[in-house]
Amino acid sequence: MSTVISQISVGLSIASILLLVSLGLAIIYGTMGVINLAHGEFVMLGAYSVWFLQSLFGLNLITCLPIVFVLVGVVGLLIEWLLIRHLYTRPLDTILATWGVGVILQQAIRLSAGAELRYVKMPDFLTNPVHIGFYEESAYRIFIFFIAFSLLVITYLLIFHTEYGMRLRAITQNREIARCFGINAGRIYALTFAYGAGLAGIAGALVSPLKSVAPDMGTNYVVDAFLVVVMGGVQSLLGTIASSYLIGQASGVLGFLTNDTMAKAIVFLGVVVLIRLFPQGLFTMRVNRG
Amino acid sequence: MSSTRRTFLKSAAAVGGLAGAGFPHIWSKTSGLAWAAGGEIKVGVLYSLTGTTAIIETSLNQATLMAIEEINAAGGIAGMKVVPIVEDPASDPATFSQKAKKLVIGDKCVSVFGSYTSASRKAVLPVFEKYDNLYWYPTLYEGRECSKNVIYTGAVPNQQQKDFVPWLVKTFGKKFYLIGSNYIYPKEENNVCKILLKQLGGEVVGEEYVPLGHSEFSTVIGKIKDTKPNVIFSTVVGDSVVALHRQYKAAGLNPATMPMASLTTSEEEIAAMGGEFAAGHFTSAPYFMSTDTPENHKFVEDFQKRWGKDKTTNFVSEPAYFQVKLFKQAVEKLGGKDLTPPAIRKAAWNQEYKAPEGLVKVDPDNSHTYLWPKIGEAQANGQFKVIEQSKEWVKPLPYWAYPGQLCTPDGLVEKKG
């Protein structure tokens, strides 16, 4: 019994990090159709921003979160303005362009902050585990779970219950017609890209005390994030949740039954098979991208 | 091949130097090439200054250069100056091999100091074997290698584990959980650990290998909580070390009753994870920055004076330093004559040097090095406290776990019966 509970919580914990990391990508990929390979580097920038803020001003991680969101969001805005907006009609080229941006960001950090691993402090009150009945769980992982869930809710409200969201959905369905109705597609896209980048930044900030901070840390996250988004269906928030949960639980259970190396291989294989059977992902909305 | 213009100019200059000085050099008897010419001894320095392992290898490069500078400041070797030729193999085994060729054939180095990873060592081996040159390798590694063209100055498994595992069993208990990164080094180390545990009546309750760069340890920690080992024996490397220690503490595990015992966690990883996550865990190595010997105080002080106040020394940079001194003694023994790589290798055997960790000696039986294993307990300030130290130097046994095989000066032999 306790094994089952601990397995579920391990799976949830992996899933919440996956959700956190892939949410930003899901927004950008799902609504704009931009395959953002620099997503991992936004996560990395988030982690480095916290390191920077902590070592320079001694800020608490939680205080850093909004600042990091804005910082990385602004970087996203800049990249969108300089590069991405010129490529909306050539979605495949965004792959190469964003990959290049990723390489540049990675090397820029390597040159400025150095290649060594960096240290980010966990908030003191979250360092110790909490007891839930007979079960013990890391307070920090529970914190991550709640933040991931809150960001999800915020994103949902933003897309489905604000005017900005309505415009974004209109553009996603048909950009040209949306523009005929007077929607400034360029501005909405820029904001969306910045929002997605900001979310990735928060993800990086949150995983940094639990994992390690290095210039090439983004590479792993971008793979995980794409896995989640592609499996969930690129245009569905629900799909993103479901597939983070499934992949998280599968990694946990398979890791428990075999080992983490095997688990990773089996999960990859599973996703490949799923995509073969459901090319659109598990959850799809039938939309016509203009 | 990097037979560049620069190389050409260099060799041209060397030849010019020869002619001008009336050939006051030593000809190699075996190959007829000039190994040491014009009062100079050329050595290669082959550590990555860029790429994934650049940080640690830069510290090896710096330790090597510092040793060479010290030798030259004291008048060189047998009246000759040591000239380091530094190449950057960029953390890439193929580039390692290419640069090694350049150093051996193009620059005619009489020895090369280099490599951190086993992969890069394996990549340069064919070069040194083909041209019968000499490679000095400072890193602790998995053993099970016996090349007559390498002097190994880092620890092999028997040196790191022979005292460590019994001490862990005695202090914490018999149940071990083995966790490592998924490649050759952790598997060989765990082999040795399992043999030792069997002798001690210990038990392996779990054995797990995670992909390189792995950072999600919740499954592993779940298993550890289930199996309740007394010791977590870790050969996880790189940034995974940081993630593992942080998640260990976040999950509420306690080093006082279930410590991690590592062969790979050094001062550098601790700086990255934060001292509070490392405190109470153990590492076995022949050298820690806090080693209390006059030689080490001087080493650390000189290193920080030369390369920066915040620099740390570690259990790889220390051998990178002392192996250059062993090289010097070997060349001195030859009296500066007959300076060929095979002759230097023979002269290096039995050389003793008072290194920061203690008196070390190159073993003539297998060209590895007698070292002083220590057990360090990590402190919250990022340093190790040495709590146990071997009473005597420990003989290197690179084939300890393979009783059918023996490393000899002439290479590996299979023992009969």
Which of A:Met44, B:Met80, A:Met166 has the fewest Cβ neighbours within 10 Å, and the rest in rising order: A:Met166, B:Met80, A:Met44
Entries of B:Lys170/B:Lys395; B:Lys194/B:Lys225; B:Lys122/B:Lys198; B:Lys328/B:Lys385 with Cα pairs more than 27 Å apart: B:Lys122/B:Lys198; B:Lys328/B:Lys385
Length added when fully stretched, A:Ile104-A:Tyr164, from 0.36 nm per residue minus Cα-Cα: 18.5 nm
Spacing of the two label points (7 Å from each Cα toward its C-beta) at B:Thr227 and A:Val272, in nm: 2.9 nm
Residue-averaged [θ]222 nm for chain A, counting only DSSP H segments that reach four residues, each worth -39500 (n - 2.57): -24000 deg cm²/dmol
Cα-centre dipole for chain B with unit charges at Cβ (Lys and Arg positive, Asp and Glu negative), debye to 20: 760 debye
Shape parameters for the stretch A:2-277, alpha-carbon atoms, Rg then Dmax in Å: 18.7, 61
Subset of B:Lys311/B:Lys361; B:Lys42/B:Lys333; B:Lys102/B:Lys130 violating a 20 Å alpha-carbon distance limit: B:Lys311/B:Lys361
Neighbour-count ranking [beta-carbon atoms within 10 angstrom, fewest first] of B:Ile71, B:Ile179: B:Ile71, B:Ile179
Dipole axis of the protein assembly as shown (+1 Lys, Arg; -1 Asp, Glu on Cβ), positive-most option in B:Pro342, A:Phe134, B:Gly173: B:Pro342
Percent antiparallel among DSSP beta bridges (both partners in chain B, rounded to 5): 45 percent
Length-normalised contact order of the stretch A:2-277 in % [C-alpha pairs under 8 Å, at least 6 apart]: 40 percent
Listed residues A:Ala265, B:Leu359, B:Ala155: farthest to the positive end of the dipole of the protein assembly as shown (Cβ charges): A:Ala265
Within straight-line cross-link reach of B:Lys99, aspartates and glutamates at Cα separation under 18 Å, skipping those fewer than 8 residues along the same chain: B:Glu57, B:Glu87, B:Asp88, B:Asp107, B:Glu129, B:Asp132
Residues listed by number, the stretch B:147-185, amide nitrogen under 12 Å from B:Glu129 label point at 7 Å toward C-beta: B:147-150
Unit charges on C-beta of K, R, D, E only; dipole of the stretch A:2-277, Debye: 540 debye
Likely footprinting exposure, A:Tyr156, A:Tyr221, B:Tyr287, B:Tyr183, fewest C-beta neighbours within 10 Å first: A:Tyr156, B:Tyr183, A:Tyr221, B:Tyr287
Reachable aspartates and glutamates, given that their alpha-carbon falls under 14 Å from the alpha-carbon of B:Lys298 and they are not under 8 places away in the same chain: B:Glu70, B:Glu318, B:Glu357
Length released on extending from B:Ala119 to B:Glu203, taking residue separation times 0.36 nm less the Cα-Cα span: 27.1 nm
Positive-pole candidate from A:Ile14, A:Val50, A:Gly165, dipole of the stretch A:2-277, charges at beta carbon: A:Gly165
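Only the coordinates and a few stated rules stand behind these numbers; no lab work does. Note that the coordinates shown come from a computational prediction; the quantities given were computed from them, not determined experimentally. All Cβ positions, even for glycine, are placed from backbone atoms using ideal geometry, and neighbour counts span all protein chains on display.
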